[in-house]
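Here's the structure we're looking at; comments come further down.
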Amino acid sequence: MTTETNPATAAPSAPVADVAAEPHRAILPIVLSGVFMTTLDFFIVNVAIPSTQADLNATASAIEWVVAGFGLAYGVGLITGGRLGDLYGRRKMFLLGLALFTVASLFCGIATSGEYLVAARVGQGISAALLAPQVLAILGTIYTGAAKLKVFTGYGLAMGLAAVFGQLIGGLLIQADIAGLGWRSCFLVNLPIGAAIIALTLKYVPETRAPGKPKLDLIGVAVITLALVALVLPLIEGREKGWPLWTWLSFGAAVVLFALFGLQESKLAARGGSPLVNLSLFRERAFVAGLASQLVFWMGQASFFLVFALYVQRGRGLDALQAGLLFAAIGAGYMYTSMNAGKFAAKLGRQVIAVGALLMGAGLVVLGITASQIGTTGHITWLIPGLVIDGAGMGLAVAPLASTVLARVSPQYAGAASGVLTTALQIGNALGVSIIGIIFYNALGNTPAVGDYPHAFDLSVVFLVGVAVLLAALVQALPRGNSGK
């Protein structure tokens, strides 16, 4: 059976990169350091919140936007950031995003008020949106064949380690209190790291871009930005505000704006223009099914980290460093399977993601049962086996998900496709946190006692197991091999 060739998945007709036959071995760790740093900042800030609020005398609303401002700016800008890399050079946009992120980190570290810190965090989010899509685009265009699978495995490892160890790294930095900086060191640590990555990128990473001289679709940029704001903002704010009328109106507006965006892109493509997102991408089954799987997978990740951190810190009395050390158990399982994901994928194909999902589900079941058994007095180390199993499942799923979505995308559209993929990740995070927040906080009630946290966590685990099962089911819609059939 044959399939119609889509422009977005066909091989490009012109060179797209100034790349040597054998990519330099330094390229992978350099670009992965960039995505590790930005992902780490998404998670590390949660540890710094209590001391930040006390030091800056910030309001609860300002502190909420320290997290939400970054997430909103990041999620909204990813598609545009990816397309800018296609048009003007992915290394150039990677460097620009990294430089701006480093400067924004400095402003976070010297913030004198909550409002100042929120503005700097929004700057970090915009910078990260410019940087993040370039990572997958650079790797996807420089590497081919079996090497591409290996670098996507490295990408998954970097993302997961930043998420899993973010709380531990933040706890260590705050505990060390280097030069009396306290929470500020969580941001200022980015300065030397960012400078080093910039220098190494200039030396080793080649430039890649789309062929020809395509133009930026400014109308598309405006419409997709408004659409994503209308979708992501109520997901971030809705639960905290009690889902007021404006959140539902915003969701309705998002539907209309996405439809307008599709119409704009279709008309532009028909005229032979350069759409922000080539909609023929969505005629490729691997891309659509992989995108849905990516969204569902990340629905379970940020939401799990949130409720587990609340359970062990407020329900079991652990401090940030102790909780971070417990998260290391997830990292142990994650590191083993993610580093060997290529081998498992070679044997299992698409089912490696399903196996990972079911393994996560099994780990969560063990974790939920154990949490119920130990209550608020049993030894916390009994949670470790469930955490290791859950982490192992995560490691099996992350890298194959990214490679499945991007494997058949032409290098001409690599940046835009990476932007769409990473946007799905952010929307999944926001959606998962919104849903699990309703479950967890409703179970706690208005005046929660310490003993209420295990029950709230158990109910949350039911949702998370459901997400894992849904992911395993979605994987069955993915193509069996590289053919896309």
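Identify all residues within region 255-268 that are buried (at least 17 other Cβ atoms within 10 Å of the Cβ) and either at pLDDT below 85 or over 30 Å from Pro400 (Cβ atoms) (or both); write none if there are none.
Leu257, Gln264, Leu268
Output the residues belonging to region 258-282 that are in contact (Cβ under 8 Å) with a residue 60 or more places away in the chain and not in a helix (DSSP H, G or I).
Ser274, Leu276, Val277, Asn278
Scanning region 401-428 for residues that are modelled with pLDDT of 75 or more and hydrophobic (A, V, I, L, M, F, W, C), which turns out surrounded by the most Cβ atoms within 10 Å (Cβ to Cβ)?
Ranking the candidates gives Ala417 first.
I need the full set of residues from region 320-354 which are without any contact (Cβ under 8 Å) to a residue 60 or more places away in the chain and either surrounded by 21 or more Cβ atoms within 10 Å (Cβ to Cβ) or within 22 Å of Val467 (Cβ to Cβ) (or both), in order please.
The answer is Thr337, Phe344, Leu348, Val352.
Out of everything in region 429-451 that is touching a Gly at 6+ places or on another chain (Cβ under 7 Å) and in a helix (DSSP H, G or I), what residue ends up being surrounded by the fewest Cβ atoms within 10 Å (Cβ to Cβ)?
Just the residues of region 429-451 that are touching a Gly at 6+ places or on another chain (Cβ under 7 Å), to begin with: 430, 432, 434, 450.
Then keep just the ones that are in a helix (DSSP H, G or I); that gives 430, 432, 434.
Values: Ala430: 26, Gly432: 26, Ser434: 20.
Only one residue fits best here, namely Ser434.
Within region 178-257, considering only helices (runs of 4 or more DSSP H) that don't extend past its boundaries, which have at least 3 residues that are farther than 30 Å from Gln53 by Cα?
190-204, 218-241
The values are calculated or read from the model by the stated rules, or taken from the named source; none is laboratory data. Source: prediction; values computed, not measured. No Cβ is skipped: glycine too gets one built from the backbone with ideal geometry, and neighbour counts run over all protein chains shown.
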